[in-house]
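**Q** For reference, the structure I am asking about is given below.
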Amino acid sequence: MRRLIQKVLVANRGEIALRVIRACREMGLHTVAVYSDADRGALHVLHADEAYRLGPAPATESYLRGDLILEVARRSGADAVHPGYGFLSENTDFADACVTAGVTFIGPPGSAMRRLGSKTKARQAADAAGMPRVPGSVTGLASVEEAEQVAGEIGYPVMLKAAAGGGGKGMRAVHRAEELAGAFVAASSEAERSFGSGEVYLEKLIERPRHIEIQLMADDYGACIYLGERECSVQRRHQKVIEEAPSAVVSEDLRRRMGEAAVRLALSAGYINAGTVEFLVDAEENFYFLEMNTRLQVEHPVTEMVTGLDMVQMQLRVASGEPLGIRQQDVRLRGHAVECRIYAEDPENSFFPSPGRITQLVQPGGPGIREDCGVYAGWVVPLDYDPMLSKLVAYGETREIAIDRMLRALDEYVVGGIKTNISLFQRILRDEDFRAGRIDTGYLERLLESDPLVEAGDVPEDIVAAAAALFSAVATQREPVAVTVQESRWGLSARREGLRA
């Protein structure tokens, strides 16, 4: 069914909000930004046609307030909401509330998210679809005793995971039985803080797998295609650091088998719009279902680079009721793309967060370079949210060319006033094992152990929390950042002064 979309509210912040706004503008759609007090002068606010305040800096009082976001949609006349990723992007209640309010949710229906967004329910769906998966529980664990029983059945080492989230939150590797009780409490508590649900499940920890994911896109008419795979094995504490498309080791046959399995799972759940099915792959090319992300992924730019498709615009068209307009046989992968997540953190000091004012910003460019950025010189990076500054992407005809272009771009990248992880990427991209494609999910930890870049030990969570409180206290006493935006054809200066309370 066709649904007219004319004005899109972007229920997010930073680089992904700006990415969606740009896609909308190219399609002639009006955009509405929302912001917290910490983001009043943010780039996504400056670029949108309209901008409305949600509330104080904490996400629980702003970006996670679905009721406030829908009230902004009503006030602004927005007829669609794009959630980006994170925040409310996989919140089934919010997706349903959008429908109830007569607002198009640019993502899968709440029913499909309920079947696949929960990690435990997705495992049940994978079993029903005949997909191979990692041994473990298919429902949330009710107690430490139940976790001990499952672990005893499948054998150690095991991994505890949050049922409602991702991004490395609520995950704990357990190698011995005596570690399980403490890890269970820690994983459940972190999951509750991060996702509002403390439910965790347990699965067998596969040693040295590769993390490969399949990008899907499905429409209202039963068509579902896969857009190749992404290699996401370079991780630190289960958080992706570098992503590539395609994988250096995935054969055409393995790509087809994984893609068809992912499509089969999506169709069985009535899935619509963009989604990603994640797998672990061993050295013998056996693949195991891991989870499904029922949203746009952070790393979608590398897929766009090698397919030539604009995934956000595809999302918008599907949400408006248009058919995909592309068949599986039309999907062609050309060249290679690498993405680095640039963070405000200090890799030489245990990756400690580095919030503060950006005093200088020199961004890279040239052939094959794309940057999805959410900051500018003069901006104060808050400690209230994920510290990602931008996503730097390099494209080349071959993997080697893409890597060399990325190194050149990283050499050009200058961020003054705060620390970044740029030096970490330079080190990885020059490493012989990485350049040869000899990577797995434990690769980065081994690299750092063999030639430490950081000081001994990770920063305890209580110290990080204390630093965050101190930074917030100091930040509230600072003078507001003076932002000067030159007038452009989109009239950014006028919109900056016309922010809505």
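**Q** Here are the criteria: (1) in contact with a His (Cβ under 7 Å, 6 or more places away or on another chain); (2) at pLDDT below 95. Tell me which single one residue 130 does not satisfy.
**A** With respect to (1) in contact with a His (Cβ under 7 Å, 6 or more places away or on another chain); (2) at pLDDT below 95, residue 130 is out only on (1).
**Q** Could you list, in sequence order, all residues of the range 369-409 that are farther than 27 Å from residue 193 by Cα and either of a type in the set (S, T, N, Q) or at pLDDT below 95 (or both)?
**A** Residue satisfying the conditions is 398 alone.
**Q** Further question on the same structure: Would a scan of the range 85-92 turn up a residue that is over 21 Å from residue 195 (Cβ atoms) and not aromatic (Phe, Trp, Tyr)?
**A** Filtering the range 85-92 down to residues over 21 Å from residue 195 (Cβ atoms) leaves none.
Checking the range 85-92: not a single residue is over 21 Å from residue 195 (Cβ atoms) and not aromatic (Phe, Trp, Tyr).
**Q** Could I ask something else about it? Sort through 230, 208 and tell me the only one that's buried (at least 17 other Cβ atoms within 10 Å of the Cβ) and either in contact with an Asp or Glu (Cβ under 6 Å, 6 or more places away or on another chain) or of a type outside the set (Lys, Arg) (or both). Before the answer, list the steps.
**A** Working: 208 fails: buried (at least 17 other Cβ atoms within 10 Å of the Cβ).
Just one listed residue meets the conditions, 230.
Residue-wise test of (1) assigned to a helix (DSSP H, G or I); (2) at pLDDT below 90; (3) over 15 Å from residue 141 (Cβ atoms).
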{"site": "167", "(1), (2), (3)": "no, yes, yes"}
{"site": "170", "(1), (2), (3)": "no, yes, no"}
{"site": "179", "(1), (2), (3)": "yes, no, yes"}
{"site": "183", "(1), (2), (3)": "yes, no, no"}
{"site": "188", "(1), (2), (3)": "yes, no, no"}
{"site": "192", "(1), (2), (3)": "yes, yes, no"}
{"site": "197", "(1), (2), (3)": "no, yes, no"}
{"site": "202", "(1), (2), (3)": "no, no, no"}
{"site": "207", "(1), (2), (3)": "no, yes, yes"}
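**Q** Can you find a residue that is closer than 15 Å to residue 307 by Cβ, touching a residue at least 24 places away in the same chain (Cβ under 8 Å) and buried (at least 21 other Cβ atoms within 10 Å of the Cβ) anywhere in the range 385-393?
**A** yes
**Q** Any residue that is farther than 21 Å from residue 336 by Cβ and modelled with pLDDT of 95 or more - is there at least one of those in the range 232-255?
**A** Restricting attention to the range 232-255, the residues satisfying the condition of being farther than 21 Å from residue 336 by Cβ are 236-239.
Now restrict to residues that are modelled with pLDDT of 95 or more: none.
No: the range 232-255 contains no residue that is farther than 21 Å from residue 336 by Cβ and modelled with pLDDT of 95 or more.
**Q** Next up: Would a scan of the range 257-273 turn up a residue that is of a type in the set (S, T, N, Q), in contact with a Leu (Cβ under 7 Å, 6 or more places away or on another chain), assigned by TED's automatic domain parsing to the domain that holds residue 396 and crowded, with 23+ Cβ neighbours inside 10 Å? Before you say what the answer is, go through the steps one by one.
**A** To start, the set of residues in the range 257-273 that are of a type in the set (S, T, N, Q) comprises 268, 273.
The next check asks that each one be in contact with a Leu (Cβ under 7 Å, 6 or more places away or on another chain); those that pass are none.
Checked against the condition, which is being of a type in the set (S, T, N, Q), in contact with a Leu (Cβ under 7 Å, 6 or more places away or on another chain), assigned by TED's automatic domain parsing to the domain that holds residue 396 and crowded, with 23+ Cβ neighbours inside 10 Å, the range 257-273 yields no hits at all.
**Q** Now, a different point. Quickly run through the range 397-424 and pick out the residues that are farther than 22 Å from residue 377 by Cα and not aliphatic (A, V, I, L, M).
**A** 397, 398, 399, 400, 404, 405
**Q** Which residue, of 145, 213, is modelled with pLDDT under 95 and either farther than 16 Å from residue 289 by Cα or not hydroxyl-bearing (Ser, Thr, Tyr) (or both)? So that I can check it myself, show each step before the final result.
**A** Numbers: 213 fails: modelled with pLDDT under 95.
On inspection, the qualifying residue turns out to be 145.
**Q** Which one is surrounded by the most Cβ atoms within 10 Å (Cβ to Cβ), of the residues in the range 275-295 that are in a strand (DSSP E or B) and aliphatic (A, V, I, L, M)?
**A** Going residue by residue through the range 275-295, those that are in a strand (DSSP E or B) are 275-281, 287-293.
Remaining after also requiring aliphatic (A, V, I, L, M): 277, 280-281, 290, 292.
Working: 277: 29, 280: 23, 281: 24, 290: 23, 292: 32.
So the residue we want is 292.
The values are calculated or read from the model by the stated rules, or taken from the named source; none is laboratory data. Nothing here was measured: the structure is a model prediction, and the numbers come from that model. Note that we place each Cβ from the backbone using ideal geometry, even for glycine, and neighbour counts take in every protein chain shown.
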